[in-house]
Amino acid sequence: MNDDDASRLDIEGFEERSVKAIMEARTPEMLEEQRIRFLGRKGEITEVLRSIVRLSKDERPVVGGRLNELKQRLNALIEERKALLETSDGDEEPFCGDPTLPGRRGWEGGRHVLHRVLADIKEIFFGMGYSLATGPDVELDYYNFEALNFPPDHPSRDTQDTFYINRDILLRTQTSPVQVRYMERHTPPLRIIVPGRVYRNETPDPSHAAEFLQMEGLYIDTDVSLADLKNDVTFFIHSFFGSDAKVRFRPHFFPFTEPSAEVDMSCFACKGEGCSICQKTGWIEIMGSGMVHPHVFRYAGYETDRYTGFAFGMGIDRIAMLKYGIGDIRRFLANDLRFNSQFWTEIWSGVVE
Ligand code: DAH
């Protein structure tokens, strides 16, 4: 085919004009008009096909094949456009918007604030060499209480209003049962954190919920001391709340640790002066802790004269409330997007330029 023939046939021109006309058809009727105009028996394609005879014998099948392909493509395009026009809700107005505007963003979620806080806490402890352990939410009384040195019918159980499933099975009231579960399967040295959901039969109010998150820590080796506990806990508080936080250990009682202490940090709002957040004491309680009680080692099958260790446990909801100034624990599970989305800023700013 010489240039002359090519221009006479002008397949590209035909293709361009027909595709444009099909895409611009705004109604099924307009579309049908274009189909007849280009692909009908007396349409343009017939004319083009007729002009094939002017080509050499060798070229005819090549160009013919190309035209057939084009015909199929145009038919498919028409079908597609037809389906689109028929399903559109009768809105026959041509598009009048600005086609250069960026599209609207789809709805996008973000990480829950509790998840975000937990991720930050985990990161700090991973940096100190702790690894992750988990345990079941539906727990045996044995692990939740007995092996943690809560004697049967002992009043210390009353401090945790338990959801019992039957006499032996309950919803765990703390993440501490994972201590014994983990010790049963591992020999020291071990250093774990255990985040998880816990349940208590509490009447919900701004500072109590029937389910919330805790995180347990456990470190056992041959020479672990109270100084190690103070070191790790203080490092965590400084990393999470800032290095100017003061930390103090206040004697307390937990059945599974001896000695036991509650850990306070200086109030970040008033820097220890005394304000409404710290109830004018200048201190905020952050977690419970202590040296693992020998009875717990015995339940786990450890030699009590060989190992020492410390444990600590903190409420993740509480820490999130302190960090972000949230006044009501019930907000975390209320699924109110107005609340939840306040904490998505990091996600949004990561995506939107
Ligand atoms: N399990 C305790 C609670 O729920 C918190 C706790 C206190 C955990 C002291 C510990 C600990 O590991 O050593 O109140």
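The values are calculated or read from the model by the stated rules, or taken from the named source; none is laboratory data. The shown structure was predicted, so the numbers you read here are calculated from the model rather than taken from an experiment. Counting neighbours? That spans all protein chains shown, and the Cβs are built from the backbone with ideal geometry, glycine included. Note: accessible area is taken over every heavy atom of the protein model, side chains too, but ligands, DNA and RNA are not part of it. Shrake-Rupley method; radii C 1.70, N 1.55, O 1.52, S 1.80 Å.
Structure notes:
- Alpha carbon centroid spacing (whole Å) that separates the range 309-346 from the range 31-76: 68
- Protein heavy-atom surface of the chain, 1.4 angstrom probe: 51% of the accessible area is carbon and sulfur, with nucleic acids and ligands not counted.
- Descending by average beta-carbon neighbour count within 10 Å, the peptides 247-258, 97-108 line up as 247-258, 97-108, the highest first.
- Relative contact order (%) - the range 159-276, alpha-carbon pairs under 8 angstrom, separation at least six: 17
- Legend: Rg and Dmax of the range 131-211, from Cα coordinates, 13.3, 41 Å.
- Normalised per residue, the accessible area of the chain is 57 Å², obtained with a 1.4 Å probe and no contribution from ligands, DNA or RNA.
- For the chain, the fraction of alpha-carbon pairs lying more than 28 Å apart is 61 percent, rounded to a whole number.
- Crossing angle, helix 226-241 versus the chain [Cα axis fit, 0-90 degrees, rounded to tens]: 40
- 3J(HN,Hα) along the range 130-135, derived from phi through the Karplus expression 6.51 cos²θ - 1.76 cosθ + 1.60 where θ = phi - 60°, amounts to 7, 10, 8, 9, 9, x Hz, with x in place of Gly and Pro.
- In the chain, the DSSP-assigned H stretches of four residues or longer account for a calculated mean residue ellipticity at 222 nm of -12000 deg cm²/dmol, using -39500 (n - 2.57) per stretch and the full residue count as denominator.
- In the chain, lysine pairs with alpha-carbon atoms under 30 angstrom apart (chain gap of 8 or more, or interchain): 22
- When the P(r) of the range 3-87 is calculated, the portion above 18 Å amounts to 43% of the C-alpha pairs.
- Between T175, G217, Y143, the Cα set farthest toward the positive side of the dipole of the chain (charges on each charged residue's Cβ, about the Cα centre) is that of G217.
- Normalised contact order of the chain, rounded percent, pairs of Cα under 8 Å and 6 or more residues apart: 15
- Solvent-free Debye calculation, one equal scatterer per alpha-carbon of the range 161-260: log10 I(q)/I(0) at 0.10, 0.12, 0.20 Å⁻¹ equals -0.38, -0.54, -1.27.
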